[in-house]
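Notes to accompany the following structure.
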Amino acid sequence: DVVKAVKGHHRNIGACIDTGHVLRSNEDPIEWVNTLGPRVFALHLKDVAEKQARTHDVIIGQSFLDLVGLFKALKRIGFPADGSISLEYESSPDNPIDDVKQCLVAAEKALAEV
């Protein structure tokens, strides 16, 4: 349990939330952000086609990942200015550029709503 791993330790001990792993576990990344609060230091952005272990990536925000809600939650907890947000997309390994561009557009659009 991530909360148990960081609780009671120095405030510089935190966690990286991988939204793809969270969604594959049929859990809500926004709840994870709210639960971990200021212990969230990094985020891996990924959306999945299905909430199950064996699935594939989709353009972020087109399936289960609520980008606007996630970014609002990060703002609410005071996500650190030196925190990292990484886009992860692995569904088109031969030519991912067009899909990655779509993911970036989705992220920019969601951030504009925060």
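Among the candidates 49, 5, 15, 42, the residue that is hydrophobic (A, V, I, L, M, F, W, C) and touching a His at 6+ places or on another chain (Cβ under 6 Å) is uniquely 49. Taken over region 2-33, residues that are assigned to a helix (DSSP H, G or I), over 14 Å from the mean Cα position of the chain (by Cα) and of a type in the set (Lys, Arg) amount to 1.
Taking (1) part of a loop (DSSP other than H, G, I, E, B); (2) farther than 24 Å from residue 25 by Cα; (3) free of Cβ contacts under 8 Å to residues at least 12 places away in the same chain in turn, residue 78 satisfies each apart from (3). The criterion of being buried (at least 16 other Cβ atoms within 10 Å of the Cβ), touching a Phe, Trp or Tyr at 6+ places or on another chain (Cβ under 8 Å) and either under 20 Å from residue 49 (Cβ atoms) or among the aliphatic types (A, V, I, L, M) (or both) holds for residue 110. Kindly indicate whether any position in region 46-60 is of a type in the set (Ser, Thr, Tyr), under 26 Å from residue 1 (Cβ atoms) and at pLDDT 95 or above. No, the conditions are met nowhere in region 46-60.
Going through (1) within 11 Å of the chain's Cα centre (by Cα); (2) crowded, with 16+ Cβ neighbours inside 10 Å one by one, residue 84 falls short only on (2). Selection over region 37-57 of residues that are in contact with a helix residue (DSSP H, G or I) (Cβ under 9 Å, 6 or more places away or on another chain), without any contact (Cβ under 8 Å) to a residue 60 or more places away in the chain and either surrounded by 19 or more Cβ atoms within 10 Å (Cβ to Cβ) or within 18 Å of residue 106 (Cα to Cα) (or both) gives a count of 8. Among 68, 100, 105, 114, which is among the β-branched types (Val, Ile, Thr) and assigned to a loop (DSSP other than H, G, I, E, B)? After ruling out the rest, the residue left standing is 114.
Here residue 42 passes the criteria (1) closer than 30 Å to residue 10 by Cβ; (2) of a type in the set (Gly, Ala, Ser); (3) in contact with an Asp or Glu (Cβ under 6 Å, 6 or more places away or on another chain) except the one numbered (3).
Taken together, the residues in region 81-97 that are of a type outside the set (Asp, Glu), assigned to a loop (DSSP other than H, G, I, E, B) and touching a helix residue (DSSP H, G or I) at 6+ places or on another chain (Cβ under 7 Å) amount to 3.
The values are calculated or read from the model by the stated rules, or taken from the named source; none is laboratory data. Everything quoted here is computed from the prediction, not taken from an experiment. Using ideal geometry, Cβ is built from the backbone for each residue, glycine included, and neighbour counts are taken over all protein chains shown.
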